[in-house]
There are 2 protein chains.
Amino acid sequence: MTDRAADTPAEPAGQRASRPRVVVIGAGFGGLSTVQSLHGAPVDITLVDQRNHHLFQPLLYQVATAGLSPADIAAPIRAITRHDRNVEVLLGEATGIDVARRLVSVLDTAVRTVPYDILVVATGARHSYFGHEEWARFAPGLKTVEDATLIRRRILLAVERAETETDAEEYRRLLTFVVGGAGPTGVEMAGAISELVRGIAASDFRRVSPKSARIVLVEAGPRPLAAFPPDLAAYAGRALQNLGVEIRLGTAVTGIDAGGVQLGTERIEARTVIWAAGVQASKAAEWLGAAHDRAGRVKVTDHLTLPDHPEIYVIGDTALALDTNGRPVPDLAPAAKEAGQYVGRSIRAGLRGRAAKPFRYRHYGDLATIGRNRAIIEFGRLHIRGFLAWVLWGIAHIFFLIGFRNRVVVMVDWLWSYVWFRGNARLITNVERHDQDEPGQDGIGLAENAE
Amino acid sequence: MTDRAADTPAEPAGQRASRPRVVVIGAGFGGLSTVQSLHGAPVDITLVDQRNHHLFQPLLYQVATAGLSPADIAAPIRAITRHDRNVEVLLGEATGIDVARRLVSVLDTAVRTVPYDILVVATGARHSYFGHEEWARFAPGLKTVEDATLIRRRILLAVERAETETDAEEYRRLLTFVVGGAGPTGVEMAGAISELVRGIAASDFRRVSPKSARIVLVEAGPRPLAAFPPDLAAYAGRALQNLGVEIRLGTAVTGIDAGGVQLGTERIEARTVIWAAGVQASKAAEWLGAAHDRAGRVKVTDHLTLPDHPEIYVIGDTALALDTNGRPVPDLAPAAKEAGQYVGRSIRAGLRGRAAKPFRYRHYGDLATIGRNRAIIEFGRLHIRGFLAWVLWGIAHIFFLIGFRNRVVVMVDWLWSYVWFRGNARLITNVERHDQDEPGQDGIGLAENAE
């Protein structure tokens, strides 16, 4: 093993000029399924991501509420694509696309340019504050592992501080949690926060009372879970209320600061605010100079390509694709996977000189969970709700988790949590003292970056 | 659940003046076993720690080398002490002790003073650079979750960067890992790094060759594992060499910078350096104005108390206690636990008006692991080595892990890793771009704080 004959880097692979170069930006559900559907195809793929891991985003709220560890829902991209010998993984941030010269700029230790014959843009979305970027430091969103551990830290520290707080007003402020936006993420966060905070207040804290915890879910629209059928959404609302979540519908957030949230003339005093209200697509439209909607999603053809560039596919949350009824394909993980699989088939067809059929989105359903034993599932006309839906939700998520080990570990964790009602990953890490930038944390402050 | 009758904080508990107030600083092995051995005793205990979690430090190197997740080896202090109704947990940093007035200063959101009748100082130790604090940013030590995830990130990023590096010299520098100090931590780190890097280079990377990885373990003393019997230490040295680790004995580190390590006139070019050479006790001696050794360990009586203060116990890595042969009690987790249990018995004896017998350290043994299938165990005269020792090591560690769930999850993880030889927690998180402070990371920099 001490033999260091191979002391110099190997030659870059994939120099066979005859194979088309496919560059995929983003290793989320869309990018990864594109790569997997090109397994064994005579192309040289470069998969670019700024992270070394694929993240199973639908379960990220469980990391934010201490139910799971980051490694339970993330897997190294290199490990996932290990057996795809036509794939190279490049860890770096895409910073631009030169459409005319067919080059992607990637920043790692330096800016490098990666040439492509076929480009797949699957760069996803971030949360959006509708022009109020100053809210970001007071109300983090939930898209990355770091977002999740920051939120976890804020929730747990707020309860810790309430435990020693003698001022009644500040005590209430510390135990008030506001979630902005009642889409699936907001609903799941609100339910999980309520269970976590009331659970640990009852079992682990001496002075904090479970009854003091107040969780408020604020939604500008007329009902929660607008993407779901009304009967399921109404059920979810009732289930949330049973968990002790206050729901404020038709109410827009007009301000957020270190001490609370402004709802027009009303104010809710709160030390912990989570933002789940808006989504903004990545900068792909800007890079491509492409037409896009208000959320920045690139308008694509029915082949998921740019109108003038059949060699550029845009998929997933960063694309505005239409289904056969002319409605936008939803921003869901299964939809991104379908699009990725379509792109794989389309590229294979092109290699054989054939034209691909247009993309037809097949909607299998949608689901959301409320706390640890309620969920709603929409399978077209079949609506399932309650405990059975929750069990199906759990099975579906464990089944789709990438990597066998994660499935087993997550299952053990969930069963254990379910039996004992505990947050297993209740770690406060990366606390920085005297961090003056941190809202409302004067002594023990919080670093903004943490797993 | 929306009833908020208990809208104000509950009255602080434990105001019964007749019960002695015991303050325990530090929830490591020593502090926690003190608290647990006082279960049900008629005392009011305040357990102070700057972390919300107890850390199973003997397995921290597995987090640093991506074998386990932080939550696998950490458990919330409040959860551990949940059923000890005479215990209050205070999250905050002890910053001083007023011995005359019997007060501990604790910083959380503000500085508060906590009065005690009996004080137990179990504040542990940090790594020491022997006066070269400037080495810290280039060569992190391994004491906290954040240390471990920082090291994990540096190791994984170095391999990522090597994958795209075209300069042969920098390629070698990126794949050279130096560990300073061949105590148990250094030996375990060196073995685990070798297996991790060579393993992922073989399976997941396209250009990095396993043969290019160079792991150097530097030790100033004449042999590795000085605390172990010579036959076991010699075996460990051979086992490390079989794993491809170079061992440099009788060699002192004289300098560390962003590009490598200086060993007198010799230089090893390396981008990743880990420090496991020195230990410095906490500031307890300074707070207490107590006599201490060079490493800052407080000299205690055979009752583990300060000579003039029978109400102040000092235990664990922050104390210099002597065994019945006049030799220092080693800085091991079981020794700290024994001391904590002794303190519990001693306090109980005092409550009954009796004097406790002196502390007699009972040495059960010591063990260290080399890679994923070799270990050494010293049970007094019984020396076990090799695969059997490794199995016993694994059983012992799983057995002593706090919390049943962690045991199951760690066992699943280990079995899976063993079968498939994978680092399951290979996440790079908290990468900050253009972090100018980071040594040798010009494009993708690394934040210093992360889980």
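The values are calculated or read from the model by the stated rules, or taken from the named source; none is laboratory data. Note that the structure is predicted; figures quoted are calculated from it, not measured. Neighbour counts run over all protein chains shown; Cβ positions are idealised from the backbone, glycine included.
Picking from residues in the range B:234-254 that are small (Gly, Ala, Ser) and in a helix (DSSP H, G or I), the one that is surrounded by the most Cβ atoms within 10 Å (Cβ to Cβ) is B:Ala236.
Each residue in the range B:164-211 was checked for being facing chain A (nearest Cβ under 8 Å), closer than 18 Å to A:Leu91 by Cβ and in contact with a Lys or Arg (Cβ under 8 Å, 6 or more places away or on another chain), and 5 of them qualify.
One residue stands out in the range A:203-217 among those that are crowded, with 22+ Cβ neighbours inside 10 Å and in contact with an Asp or Glu (Cβ under 9 Å, 6 or more places away or on another chain): the one that is nearest to A:Leu249 (Cα to Cα), namely A:Leu217. Screening B:Ile80 on (1) away from chain A (no Cβ under 14 Å); (2) at pLDDT below 95 shows it passes everything except condition (1). Of the conditions (1) crowded, with 24+ Cβ neighbours inside 10 Å; (2) under 22 Å from B:Pro115 (Cα atoms); (3) of a type in the set (Lys, Arg), B:Lys283 clears all except one; give me its number. Condition not satisfied by B:Lys283: (1). Name the pairs whose Cβ atoms lie under 7 Å apart, with the first residue in the range B:141-158 and crowded, with 24+ Cβ neighbours inside 10 Å, the second among the small types (Gly, Ala, Ser) and in a helix (DSSP H, G or I), and 6 or more positions between them or separate chains? If the second residue must be among the small types (Gly, Ala, Ser) and in a helix (DSSP H, G or I), the pairs left are B:Ala148/B:Ala64; B:Ile151/B:Ala64; B:Arg152/B:Ala64.
Here B:Arg112 fulfils each of the conditions (1) buried (at least 20 other Cβ atoms within 10 Å of the Cβ); (2) under 24 Å from B:Ser18 (Cβ atoms) apart from (1).
Counting only helices (runs of 4 or more DSSP H) that fall entirely inside the range A:20-116 and contain at least 1 residues that are β-branched (Val, Ile, Thr) and in contact with a His (Cβ under 9 Å, 6 or more places away or on another chain), the qualifying elements are A:77-80. In a residue-by-residue description of the range A:384-391, the property of being buried (at least 22 other Cβ atoms within 10 Å of the Cβ), at pLDDT 65 or above and closer than 30 Å to A:His39 by Cβ applies to no position. There is no residue in the range A:240-249 that is in the same structural domain as A:Tyr342 (by TED's automatic domain parsing), touching a strand residue (DSSP E or B) at 6+ places or on another chain (Cβ under 7 Å) and without any contact (Cβ under 8 Å) to a residue 24 or more places away in the chain.
Within the range A:372-381, being modelled with pLDDT of 90 or more and among the small types (Gly, Ala, Ser) holds for one residue alone: A:Ala375. Checking each residue in the range B:94-131 for being modelled with pLDDT of 95 or more and acidic (Asp, Glu) picks out B:Asp98, B:Asp117. Scanning the range B:149-192 for residues that are small (Gly, Ala, Ser) and touching a strand residue (DSSP E or B) at 6+ places or on another chain (Cβ under 9 Å) returns B:Ala158, B:Gly180, B:Gly181, B:Ala182, B:Gly183, B:Gly186, B:Ala190, B:Gly191, B:Ala192. If I filter the range B:255-273 for residues that are of a type in the set (A, V, I, L, M), closer than 30 Å to B:Val106 by Cβ and crowded, with 24+ Cβ neighbours inside 10 Å, do I get at least one hit? No, the range B:255-273 has no match at all. So how many residues does the range A:297-306 have that are over 18 Å from A:Tyr116 (Cα atoms) and either at pLDDT below 95 or aliphatic (A, V, I, L, M) (or both)? Total meeting the criteria: 2.
Put simply, of B:Ala281, B:Ala285, B:Ala236 the only residue that is more than 30 Å from B:Ile25 (Cα to Cα) and within 23 Å of the chain's Cα centre (by Cα) is B:Ala236. Looking only at the range A:288-305, which residues are among the hydroxyl-bearing types (Ser, Thr, Tyr) and in contact (Cβ under 8 Å) with a residue 60 or more places away in the chain? None; the set is empty. Can you confirm whether the range A:264-284 contains a residue that is over 16 Å from A:Ala190 (Cβ atoms), among the hydrophobic types (A, V, I, L, M, F, W, C), without any contact (Cβ under 8 Å) to a residue 60 or more places away in the chain and in contact with a Gly (Cβ under 9 Å, 6 or more places away or on another chain)? No: the range A:264-284 contains no residue that is over 16 Å from A:Ala190 (Cβ atoms), among the hydrophobic types (A, V, I, L, M, F, W, C), without any contact (Cβ under 8 Å) to a residue 60 or more places away in the chain and in contact with a Gly (Cβ under 9 Å, 6 or more places away or on another chain). Counting residues in the range B:217-233 that are within 14 Å of chain A (Cβ to nearest Cβ) and under 22 Å from B:Lys143 (Cβ atoms) gives one or more. Scanning the range A:229-255 for residues that are in contact with a helix residue (DSSP H, G or I) (Cβ under 7 Å, 6 or more places away or on another chain) and over 18 Å from A:Trp275 (Cα atoms) yields A:Ala236, A:Leu243, A:Gly244.
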